[in-house]
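To start, the structure itself, in structure tokens.
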Amino acid sequence: MQAQKVYDFHTHAYQAPVAKIIMRHLEVGKRLETAREFFHLHPDHKAPTIEHLIAVSQANGIDRTNLLLVGVKPGMLRELNEWGLKQREAHDNLSVLGAVHPNINEEALNNEIKWLRDHNFPGVKIQSVHQRMEALSQEAKSLYKKLADAGLFVLMDTGNYLKPGEDGYKYLTRPAMVAEITKEFPDLRIIAAHLGGFMGWDESENYLVDKDFDNLWLDTAFMGSIVKYYKSQGQDRAEQVKRILLRHRPDRLLFGTDIPYNNPTIELAFIRTLLADFPDLLQQIMWQNAADLLGYN
Ligand SMILES: [Zn+2]
């Protein structure tokens, strides 16, 4: 079992100055330990940089890592994407998804998508809450169309983790919305993070799981820690996760950890235990599906 290869499809790292600023914000009014714990930092690292991502992946026996760039500032997309390209070239075991933002002028968006395609980025990451993008807006739909035309896939952050009235609620991409986008853009390959929705698995089961969408993948990012959280609230969700993984198309599931926001050791142990009786499925989720999607074998 331990010899099985692992492709971590869902991770984050930040340019060193950005990582330092994030840490400083978290440390304001708190102890340093709180920020370190929030990011599950490897003992040798002070901030969630690329060096941290590589070190913590290696320490956990992860063979290849897919880094997601999130373009929060529209004006800094190119700088971020160029940094991502540099990281991909500098690290043998790294693939990178590019950053886009719907709220830039059309020419700039077209240029960015062309640049990403010209530099062999396989896809992009969208974080609608942080990017202040409504998932079913005209701007978003125009972006989906451009991505589909360019042959780039999109990994979307999805979930039900905010309540009405909370900051960012209207920008949340909920599982039912992912189903709409999946149907409206059959040529766009979509990866819905967190089994279709962070804290949104009931809705995900209703709208996304095993619904015969050829263009929809689910990643497992954070699921072990979410189950742990539910358990602390008196709910057992492990069976639901197992049901989702066994019901959904086996070639449309991808393993992810969400380093540095999550502890990869928990995710690796959780999925290996949960699917101990299904070694073929485990191999597909942990390695093969990601390798197929990213053209790496
Ligand atoms: Zn993430």
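Readers should treat all values here as calculations from the given coordinates under stated rules, not as data from a laboratory. Here the structure is a predicted model, which is why all the values come from computation and not from measurement. Here Cβ is always computed from backbone atoms with ideal geometry, including for glycine, and neighbour counts include all displayed protein chains.
A few remarks follow.
- Residue order, fewest to most surrounding Cβ atoms within 10 angstrom, among Y161, Y14: Y161, Y14
- Other-chain or far-sequence residues with amide H under 5 Å of H10's (modelled H): N66, T257, D258
- Residue with peak Gaussian network fluctuation, the chain [Cα springs, cutoff 10 Å], from Q127, Q233, Q283: Q233
- For segment 181-292, fraction of C-alpha pairs farther apart than 21 Å, in %: 31 percent
- Spacing of the modelled spin labels on A55 and D210, each 7 Å from Cα toward Cβ, amounts to 4.4 nm.
- With the helix formula -39500 (n - 2.57) applied to DSSP H stretches of n ≥ 4, the chain reaches a computed 222 nm mean residue ellipticity of -12500 deg cm²/dmol.
- Theoretical FRET efficiency, 1/(1+(r/R0)^6), r = Cβ-Cβ of T273 and K170, R0 41 Å, to 0.05: 0.60
- Using the Cβ-Cβ distance between M199 and M76 with R0 = 30 Å, the FRET efficiency computed as 1/(1 + (r/R0)^6) comes to roughly 0.50.
- Taking 0.36 nm per residue of sequence separation and removing the Cα-Cα distance, the L136/R88 pair yields an extension gain of 14.1 nm.
- Listing Y7, Y296 from fewest to most neighbouring C-beta atoms within 10 Å gives Y296, Y7.
- Amide H contacts of F153 (H built 1.01 Å from N, in plane; Pro and chain starts excluded): G123, V124 sit under 5 Å, all sequence-distant by 5 or more or on other chains.
- Rel. contact order, % - alpha carbon contacts under 8 angstrom, at least six apart, the chain: 18 percent
- Too-long pairs where the Cα-Cα distance tops 19 Å, listed order kept, from K170/K242; K114/K145; K125/K146; K30/K125; K30/K231; K145/K183: K170/K242; K30/K125; K30/K231
- Cross-link partners of K5 among aspartates and glutamates, defined as those whose alpha carbon lies under 20 angstrom from its own and excluding same-chain residues fewer than eight positions apart: D63, D92, D219, D251, D258, E267, D277, D280, D292.
- In this entry, the chain is assigned a mean projected area of 15.1 nm², taken as a quarter of its C-alpha convex hull surface.
- Top of R24, R132, R174 by mean-square fluctuation, Gaussian network on the chain, Cα under 10 Å: R24
- The HN-Hα couplings worked out from phi for segment 107-123 by the Karplus form 6.51 cos²θ - 1.76 cosθ + 1.60 (θ = phi - 60°) are 5, 5, 5, 4, 5, 5, 5, 5, 4, 4, 5, 4, 9, 6, 6, x, x Hz, whole numbers, x standing for Gly and Pro.
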